[in-house]
Amino acid sequence: MNQKYEVNPDVLVTDLDDELALLDPRTSRMYTLNAVGRAVWQALRVGGKREDQLVQVVTQEFDVAARQAQADIRTLLSDLDREGLVRRT
């Protein structure tokens, strides 16, 4: 599963240094992303990314094994996709 993802451009984002706060204007629900989630979101904002590209971003920026990064990114993307904050392209 190596689909390409991009952020939903309607989501409002507040940068809190190591975290991001995301607001879905459709539902008025707020979400927060930790430092790793923030790095993934920022990478997606630059342009749609595939899962393997996101793993590379995370492993270069954080002290985490590729296998663990991949599992965490899959979970994050699944959650963000389910909430409509990102979309598959």
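Worth pointing out:
- Sum of side-chain charges, residue 79 neighbourhood, beta-carbon under 13 Å (Lys, Arg +1; Asp, Glu -1): -1
- Relative contact order (%) - criterion: Cα under 8 Å, at least six apart; region: the range 1-88: 33 percent
- Estimated inter-spin distance, residue 52 and residue 81, nm [label 7 Å along Cα→Cβ]: 1.7 nm
- Sum of -39500 (n - 2.57) over DSSP H runs of 4+, divided by residues of the chain (222 nm, nearest 500): -14500 deg cm²/dmol
- Label selected from (i) 92; (ii) 84; (iii) 117, the criterion being volume of the Cα convex hull per residue in Å³ as computed here: (ii)
- Here the range 1-47 has 47 percent of its accessible surface on carbon and sulfur atoms, given a 1.4 Å probe and all protein chains in place.
The values are calculated or read from the model by the stated rules, or taken from the named source; none is laboratory data. Worth saying up front: this structure is predicted, and the values here are computed from it rather than measured. All Cβ positions, glycine included, derive from the backbone under ideal geometry; neighbour counts span all protein chains shown. SASA here: full protein model, heavy atoms, side chains in, ligands and nucleic acids out. Shrake-Rupley method; radii C 1.70, N 1.55, O 1.52, S 1.80 Å.
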